[in-house]
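Colleague: One structure, pasted below without further comment.
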2 protein chains.
Amino acid sequence: MKLDETHDPALRSWVESANAPDCAFPIQNLPFGIFRGKGRKELPRGGVAIGDQILDLAALGVRTGPTLNALAATGRPALRRLRRELSRALREKSAQRKRLARHLVSMRQAELLLPVAIGDYSDFYTGIHHATNIGRILRPDNPLLANYKWVPIGYHGRASSIIVSGTPIRRPLGQARLPDAPAPLYAPSMRLDYEAELGFITGTGNRLGRPIPIGEAFAHVFGAVLLNDWSARDIQAWEYQPLGPFLAKSFATTISPWIVTMDALEPYRCSAFARAADDPRPLPYLDNDDDQREGGFAIELEMHVRTARMKQPARLSRGNFRDSYWTVAQIIAHQTSNGCNLQPGDLLASGTISGTGADSLGSLMELTLAGKNRLSLPGGETRAFLEDGDEVIERGRCVREGFATIGFGEAAGRILPALAQ
Amino acid sequence: MKLDETHDPALRSWVESANAPDCAFPIQNLPFGIFRGKGRKELPRGGVAIGDQILDLAALGVRTGPTLNALAATGRPALRRLRRELSRALREKSAQRKRLARHLVSMRQAELLLPVAIGDYSDFYTGIHHATNIGRILRPDNPLLANYKWVPIGYHGRASSIIVSGTPIRRPLGQARLPDAPAPLYAPSMRLDYEAELGFITGTGNRLGRPIPIGEAFAHVFGAVLLNDWSARDIQAWEYQPLGPFLAKSFATTISPWIVTMDALEPYRCSAFARAADDPRPLPYLDNDDDQREGGFAIELEMHVRTARMKQPARLSRGNFRDSYWTVAQIIAHQTSNGCNLQPGDLLASGTISGTGADSLGSLMELTLAGKNRLSLPGGETRAFLEDGDEVIERGRCVREGFATIGFGEAAGRILPALAQ
């Protein structure tokens, strides 16, 4: 781990709300986002979250423009310097307090926007328990395919429909074929689901034709966000052979607005331990001792639902990104292993992260066994899949003894009824 | 068909080279591209091809900037007006000849660049003969899956690695498992292939959550380009289950530099005739009488290869986009049917177009039956798949009795050896 003064758990900020014990954005976090004043016609600009406030990056002379792509492209060393500068400026007794206080905007007064213009979006399938659970439903005799432990399986997703937390989700129309029906129908999806994922946003890219070696992969990652890969299971089942999921996913993907930097995540690295002792050793381009030792990240991912009748959200699951079979470095190395080029602001998602316990399953597909076992909610409602008016809220945080707890905030969205045809 | 004065086959241009009988860019074509002076450090800008010349669009007061995205977003009516203006200005006896002649740049003196910044790229699978041929290799008992005649099958491709004609193709490294091998290898692809496709570039987009009705689909298309979907068959076979092709495709996709507008293609519309009489009727959101009557386009697509030892390229196939099972309007309507949003400059590709004849197969996979029957080339060489030094050239043109023949130019690329590991 590359720890420095910014990770010291004893640090406190002159922004008082950042020192509350359950605050997602203490001074040890310092995630970047894009914001503007709520209801104002002003240009969006970059900021950093501190407590319940946003520090306008312009206060430090950093003019991001309306996306963080250019900031991401400055690279890890420059970002680490900026982080240290921010940490010092926001610490208790900072001489800059008075000057910077004028550049704080309350989160309640701010609108948070998509933090980067996403060039390409890839969605991986690193959650081995999820892959096994889904495989068991589709192919009971052969849940995990022969390539799974060799290839970090992934597919390209739709970038245009990636939206920021809070944007409503219109229930998609689509083709599906009911069991034993002679023909498909085009109708509102009846099996609307979520998927608990983490997304990684790239910083510096690579030239087309030049793979990124696994040992250099982290230098190309800017940070992480929560990601809910909304999924229409009935559309997916009918369309996905032979070329993979398409319209079952492309109607919406929600991400959280704050990019938690790789530097902020440094204390929460852990061994990549989902790989069993008798699993095949990764091929050399995916194999790296450092990565196996600390390529994982202990990040808790929770999914909550709040139906139209509920006052408080209910937690449906808590998983942990430690349960990922492939590391972030491995998916970067794999994605570029054929020469494919990354650009600043690309998004690589983990795929659904589920654990082995019944309370750690990251999709309704798994929680209800494809809708067979309805889920009971507080207040007496039940769900097989999502209904109109349901709000799904993904939350994430990093907890480690001896370090501050840092949060990701939320990736939330409420289901709107399908359009009339 | 919406024909107007610009389609009159008798029109001639004062740019003499445009009047040659085999010219791809007569005055009836007028495709748009992005260019700059060869070897110059000047900013790229928009131009229109006429004969062997490029007319700088700035001559008509159109400042595109370095991509055509903004021009594409102006919409079909504005583009039709610009086309008429260009046609009049470039016609024999135009009063503007003298003024415009100063804004001509010879194609030999120009570097052609990617014409649009591509937001999202989807690749469809509309070539039913191709789908059947490939299916027969993979699943001899069940070549065409049950969803094929209902769903315009497609998947998301990689936008960052789309390159313009002439850019060399680095043979990709990747994971593949040889038949009966206990483990896969990471090595240069040994089954490198091409795919003859057509790509459609979108103009005006749609709002997220609002499908484009099939009757309005054409209003959202800017124009068409040739597209070679380079494919590594060994990587593809090992990785594609369960989420579809990924690294087998994302190392490179070549497009031609000139966007032939939908208005230029108007005379070559034809019935969407690949659908057999006893095939299921498309679901209502994909069904439209006008589209069935003239939703197809008679566009010839040829693939040529020139090995390092050959002086002249040899033609390997000639297919026709008429053999597409799904129309352009149907793939637009399908892509947006779940609310997915298109943005100006998105790319939707046809998938490989093959006909029924042995000389109309749009990939080596089909021509050599997955490498089993080596292909004989003039000069005595043979090929199962592409070798280093081979150049693949896709050409396209529209031919119709009573109208001018218009061309697409080329989408070409030469294979470079894989990087040393």
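Colleague: Just the residues that are within 11 Å of another protein chain (Cβ to nearest Cβ) and in contact with a helix residue (DSSP H, G or I) (Cβ under 9 Å, 6 or more places away or on another chain), please, taken from the stretch A:159-186.
Modeller: As a first pass, look at the stretch A:159-186 and keep what is within 11 Å of another protein chain (Cβ to nearest Cβ): A:159-163, A:167-177, A:182-186.
Once the filter is applied, which keeps residues that are within 11 Å of another protein chain (Cβ to nearest Cβ) and in contact with a helix residue (DSSP H, G or I) (Cβ under 9 Å, 6 or more places away or on another chain), the stretch A:159-186 yields A:P172, A:L173, A:G174, A:Q175, A:A176, A:R177, A:P184, A:Y186.
Colleague: Being at pLDDT below 95 and either facing chain A (nearest Cβ under 8 Å) or out of contact with any Lys or Arg (no Cβ under 7 Å at 6 or more places or on another chain) (or both): is that true of B:P152 here?
Modeller: Values: at pLDDT below 95: no; either facing chain A (nearest Cβ under 8 Å) or out of contact with any Lys or Arg (no Cβ under 7 Å at 6 or more places or on another chain) (or both): yes.
For B:P152, the condition - at pLDDT below 95 and either facing chain A (nearest Cβ under 8 Å) or out of contact with any Lys or Arg (no Cβ under 7 Å at 6 or more places or on another chain) (or both) - is not met.
Colleague: What about B:G362, is it surrounded by 22 or more Cβ atoms within 10 Å (Cβ to Cβ), in contact with a strand residue (DSSP E or B) (Cβ under 6 Å, 6 or more places away or on another chain) and either more than 30 Å from A:I163 (Cβ to Cβ) or not assigned by TED's automatic domain parsing to the domain that holds B:N133 (or both)?
Modeller: Values: surrounded by 22 or more Cβ atoms within 10 Å (Cβ to Cβ): yes; in contact with a strand residue (DSSP E or B) (Cβ under 6 Å, 6 or more places away or on another chain): yes; either more than 30 Å from A:I163 (Cβ to Cβ) or not assigned by TED's automatic domain parsing to the domain that holds B:N133 (or both): yes.
Answer is yes for this residue.
Colleague: Quick test of your reading of the structure: A:G65 fulfils all but one of (1) in a loop (DSSP other than H, G, I, E, B); (2) of a type outside the set (A, V, I, L, M, F, W, C); (3) touching a strand residue (DSSP E or B) at 6+ places or on another chain (Cβ under 7 Å). Name the failing condition by number.
Modeller: Unmet condition: (3).
Colleague: Taking B:Q236 as the residue in question, decide whether it is without any contact (Cβ under 8 Å) to a residue 24 or more places away in the chain, surrounded by fewer than 24 Cβ atoms within 10 Å (Cβ to Cβ), in contact with a Leu (Cβ under 9 Å, 6 or more places away or on another chain) and not in a loop (DSSP other than H, G, I, E, B). Break it down stepwise before answering.
Modeller: On the way: without any contact (Cβ under 8 Å) to a residue 24 or more places away in the chain: yes; surrounded by fewer than 24 Cβ atoms within 10 Å (Cβ to Cβ): yes; in contact with a Leu (Cβ under 9 Å, 6 or more places away or on another chain): yes; not in a loop (DSSP other than H, G, I, E, B): yes.
Yes: the conditions hold for B:Q236.
Colleague: Within the stretch B:239-277, work out how many residues are part of a loop (DSSP other than H, G, I, E, B) and within 14 Å of another protein chain (Cβ to nearest Cβ). Break it down stepwise before answering.
Modeller: Of all residues in the stretch B:239-277, those part of a loop (DSSP other than H, G, I, E, B) come to B:240-252, B:256-258, B:271-277.
Imposing the further condition that a residue be within 14 Å of another protein chain (Cβ to nearest Cβ) reduces the set to B:240-252.
Going through the stretch B:239-277 one residue at a time, the tally reaches 13.
Colleague: Given (1) over 24 Å from B:R395 (Cβ atoms); (2) assigned by TED's automatic domain parsing to the domain that holds B:F408; (3) at pLDDT 95 or above, where does B:R136 come up short, assuming only one miss?
Modeller: The one condition B:R136 does not meet is (3).
Colleague: Something else now. Which strands (runs of 3 or more DSSP E) does the stretch A:185-228 wholly contain that include 2 or more residues that are modelled with pLDDT of 95 or more and surrounded by 24 or more Cβ atoms within 10 Å (Cβ to Cβ)? Quick ask: steps written out before the conclusion?
Modeller: Numbers: elements: A:185-188, A:196-202, A:221-228.
Answer list for the stretch A:185-228: A:196-202, A:221-228.
Colleague: Can I ask one more? Within the stretch A:349-356, is there a residue that is within 30 Å of A:P143 (Cα to Cα) and surrounded by fewer than 22 Cβ atoms within 10 Å (Cβ to Cβ)?
Modeller: Within the stretch A:349-356, one or more residues are within 30 Å of A:P143 (Cα to Cα) and surrounded by fewer than 22 Cβ atoms within 10 Å (Cβ to Cβ).
Colleague: I've got another one for you. When the residues of the stretch A:109-124 are narrowed to those that are among the hydrophobic types (A, V, I, L, M, F, W, C) and in contact with a Leu (Cβ under 8 Å, 6 or more places away or on another chain), which ends up farthest from A:I153 (Cα to Cα)?
Modeller: Just the residues of the stretch A:109-124 that are among the hydrophobic types (A, V, I, L, M, F, W, C), to begin with: A:110, A:112-114, A:116-118, A:124.
Subsequent filtering for residues that are in contact with a Leu (Cβ under 8 Å, 6 or more places away or on another chain) retains A:116, A:118, A:124.
On the way: A:V116: 25, A:I118: 21, A:F124: 6 Å.
Among them, the one singled out is A:V116.
Colleague: Say whether the condition of being crowded, with 22+ Cβ neighbours inside 10 Å, polar (S, T, N, Q) and farther than 19 Å from B:T336 by Cα is met by at least one residue in the stretch B:263-278.
Modeller: No - not one qualifying residue is present in the stretch B:263-278.
Colleague: Select the strands (runs of 3 or more DSSP E) contained entirely in the stretch A:340-419, then report the ones holding at least 1 residues which are at pLDDT 95 or above and within 14 Å of chain B (Cβ to nearest Cβ). Reasoning before the result, please.
Modeller: Working: elements: A:347-349, A:391-398, A:406-416.
Because the criterion is at least 1 residues that are at pLDDT 95 or above and within 14 Å of chain B (Cβ to nearest Cβ), the strands (runs of 3 or more DSSP E) in the stretch A:340-419 that meet it are A:347-349, A:406-416.
Colleague: All but one of (1) within 29 Å of A:Q343 (Cβ to Cβ); (2) facing another protein chain (nearest Cβ under 9 Å); (3) out of contact with any Lys or Arg (no Cβ under 8 Å at 6 or more places or on another chain) hold for B:I134, so report the exception by its number.
Modeller: Result: B:I134 passes all but (1).
The values are calculated or read from the model by the stated rules, or taken from the named source; none is laboratory data. Just so it is clear, the structure is predicted and the values come from calculations on it, not from any experiment. Don't worry about glycine lacking a Cβ; one is built from the backbone with ideal geometry, like all the others, and counts go over all protein chains shown.
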